[in-house]
Structures are given as C-alpha cells and as structure tokens.
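Here is the structure we will look at, set down as structure tokens.
The values are calculated or read from the model by the stated rules, or taken from the named source; none is laboratory data. Just so it is clear, the structure is predicted and the values come from calculations on it, not from any experiment. Positions of Cβ are backbone-derived with ideal geometry, glycine not excepted, and every protein chain shown enters the neighbour counts.
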Amino acid sequence: MKIIDISVKVPEAPVYPGDPKTKLLSVSSIKDGDIYNLTEITMSAHAGTHADAPLHFIDGGSSIDSLSPSKFCGEARVVTIYKKEGNIEKEDLVPLKLMKGERILFKTRNSVDGHITDKEFYKDFCALSPSAAQYLVDSGVALAGIDYASIGAGGSIAETHRILLSAGIAVLEWLNLEKVCDGNYFLSAAPIKIAAEGAPARALLFVKD
C-alpha cells in the first residue's frame, strides 16, 4: 500500500490575504535547559490543508466537531481540469459523469503549474464557480476538494461555499495534488475535532502498489 501525502506544510504555506499569519513559538526547549520541548501555535483555522464546516459561511450552521469523520474518509477520485484562466464551470464537470456519493478532488492549474508550493499567495487561483458548485449538489457528490486556499474565489466566494455547505457537501482546501495522477484512491482527511467553522487536516491518499 502506497501513501501519498497531499497536505501542504505549515507555517511555510502562505495564508489567505487578511487571515492571521501562522506562527510557531518555542516556549520550552531542551537545548535551553528545559526538560521538554513545547511549541505554541498561532494560526487561522483555515491555514494549510483544512476542512470547512457549514458554520464558515452559514450563521448557525454546523461546526467541525459535529461533522462525521466519515465525510472526509473513503473512496475518492482525483480529476484534472486545466484552465489557463478563470474558474471551473458547470460545463467543465459534465464530462466527468459524476456519481452520487463521490468524493472529488480537483487538480487545476494551481497544482499543474506549481502554484500550490509558491511562497507568495497566488491570487489568480482556480476555484469552483457557483454553477459548478450547484452541479456538484445536483449530482449528489459527498465531498469536494480543491488544490488551493479556497473552493470559491472572487466575488462569488461566499455563494460557492454556501451552495456546497448548505447541501451537506464536505469541503477540503489547500490540497497539494502536484504529483498525483488522475484516478481512484482511498482518502483519509478527517479534521481535528474542534468547535469551530474550520480545522486543520492531514490529507492522505492510499493506493495499492
């Protein structure tokens, strides 16, 4: 069994503009005479690879701790949709023949062109348009993952999120799919159990050798 880590590394990964910067602070160090090492972490719940809960864009929506881990674990399909500019639209998804209950991870120019590992935030990242989000809902998709900071972008960022999250579709963001081929995998990406609108996750793909 081969394991592919599709998480981005923090604190190296840039944060969404306006979000708090990720900081690791050593508060206890063996080399300084302490008996153990201890690190204080300051970060947004949406820094690095993470899951979004409905509460992120829906007032009174469910928080991460109330979501079943099964949403983020199970069979998943990686699909490449490469567009030099713009977002993924409904017409880009029709050829995929999506099935009810599928977990779909979108590999876009964000990964293909190497922006997923840029040190500076890539402002022209590819995301899902509201029409694409609605098509995922209509297709009964269980999870949607994207290879950058947000499943939605620009002026439609809130609408895209609300369409997906209000329908109970699990959302994963900041996935590094740069070295992942299209195909079927077993996904393990449960977020930490926290009463918040988002939470970090270690996203892994499992494939038979």
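Suppose we keep only residues that are in contact with a Gly (Cβ under 6 Å, 6 or more places away or on another chain) and either in a strand (DSSP E or B) or of a type in the set (S, T, N, Q) (or both) within region 23-52. Which one would you say is nearest to L67 (Cα to Cα)?
D52
Can you pull out the residues in region 115-135 that are closer than 16 Å to C181 by Cβ and surrounded by fewer than 24 Cβ atoms within 10 Å (Cβ to Cβ)?
None - no residue of region 115-135 is closer than 16 Å to C181 by Cβ and surrounded by fewer than 24 Cβ atoms within 10 Å (Cβ to Cβ), so the list stays empty.
Are any of the residues in region 58-76 β-branched (V, I, T) and free of Cβ contacts under 8 Å to residues at least 12 places away in the same chain?
The answer is no, given that none of the residues of region 58-76 is β-branched (V, I, T) and free of Cβ contacts under 8 Å to residues at least 12 places away in the same chain.
So that you can scan it fast, the table gives a plain yes or no per residue for (1) in contact with a Lys or Arg (Cβ under 7 Å, 6 or more places away or on another chain); (2) farther than 21 Å from N87 by Cα:
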site: V112; (1), (2): no, no
site: F121; (1), (2): no, no
site: V141; (1), (2): no, no
site: D147; (1), (2): yes, no
site: I157; (1), (2): no, no
site: I169; (1), (2): no, no
site: L175; (1), (2): no, no
site: I194; (1), (2): no, yes
site: V207; (1), (2): yes, yes
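Scan region 163-178 and report the pairs whose first residue is closer than 12 Å to L143 by Cβ and whose second residue is at pLDDT 95 or above and of a type in the set (D, E, K, R), with Cβ atoms within less than 6 Å and a gap of 6+ or a chain change.
Hits for this filter: A170/K71; V171/D52; L175/D147.
Given the criteria in contact with a helix residue (DSSP H, G or I) (Cβ under 6 Å, 6 or more places away or on another chain), among the hydrophobic types (A, V, I, L, M, F, W, C) and in a strand (DSSP E or B), does A144 qualify? Steps first, please.
On the way: in contact with a helix residue (DSSP H, G or I) (Cβ under 6 Å, 6 or more places away or on another chain): yes; among the hydrophobic types (A, V, I, L, M, F, W, C): yes; in a strand (DSSP E or B): yes.
Here the answer is yes, as A144 does meet what is asked.
Quickly run through region 69-91 and pick out the residues that are in a helix (DSSP H, G or I) and within 16 Å of L164 (Cβ to Cβ). Quick ask: steps written out before the conclusion?
We begin by selecting, within region 69-91, every residue in a helix (DSSP H, G or I); these are 69-72, 90-91.
K71, F72, K90 - these are the residues of region 69-91 that are in a helix (DSSP H, G or I) and within 16 Å of L164 (Cβ to Cβ).
Could you please let me know if Y122 is in contact with a Leu (Cβ under 9 Å, 6 or more places away or on another chain), at negative phi and either in contact (Cβ under 8 Å) with a residue 12 or more places away in the chain or hydroxyl-bearing (S, T, Y) (or both)?
For Y122, the condition - in contact with a Leu (Cβ under 9 Å, 6 or more places away or on another chain), at negative phi and either in contact (Cβ under 8 Å) with a residue 12 or more places away in the chain or hydroxyl-bearing (S, T, Y) (or both) - is not met.
Being part of a strand (DSSP E or B) and over 30 Å from L96 (Cα atoms), is that true of even one residue in region 14-22?
No, region 14-22 contains no residue that is part of a strand (DSSP E or B) and over 30 Å from L96 (Cα atoms).
List the number of the failed condition for Y148; all other conditions in (1) surrounded by fewer than 20 Cβ atoms within 10 Å (Cβ to Cβ); (2) under 25 Å from S68 (Cα atoms) hold.
(1)
Given (1) in a loop (DSSP other than H, G, I, E, B); (2) within 16 Å of the chain's Cα centre (by Cα), identify the lone condition not met by D124.
(2)
For region 4-30, give me each residue that is surrounded by 12 or more Cβ atoms within 10 Å (Cβ to Cβ), of a type in the set (A, V, I, L, M) and over 22 Å from Y148 (Cβ atoms).
None - no residue of region 4-30 is surrounded by 12 or more Cβ atoms within 10 Å (Cβ to Cβ), of a type in the set (A, V, I, L, M) and over 22 Å from Y148 (Cβ atoms), so the list stays empty.
Just name the residue that is surrounded by the most Cβ atoms within 10 Å (Cβ to Cβ) out of those in region 188-200 that are of a type in the set (A, V, I, L, M, F, W, C) and in contact with a helix residue (DSSP H, G or I) (Cβ under 7 Å, 6 or more places away or on another chain). I'd like the intermediate steps shown before the answer.
Residues of region 188-200 that are of a type in the set (A, V, I, L, M, F, W, C), as a first pass: 189-190, 192, 194-196, 199.
Right, trim to in contact with a helix residue (DSSP H, G or I) (Cβ under 7 Å, 6 or more places away or on another chain) and you get 189-190, 194-196, 199.
On the way: A189: 27, A190: 19, I194: 14, A195: 11, A196: 15, A199: 21.
Ranking the candidates gives A189 first.
Looking at region 156-187, which of the residues that are of a type in the set (V, I, T) and out of contact with any helix residue (DSSP H, G or I) (no Cβ under 7 Å at 6 or more places or on another chain) is surrounded by the fewest Cβ atoms within 10 Å (Cβ to Cβ)?
Out of the qualifying residues, it is I157.
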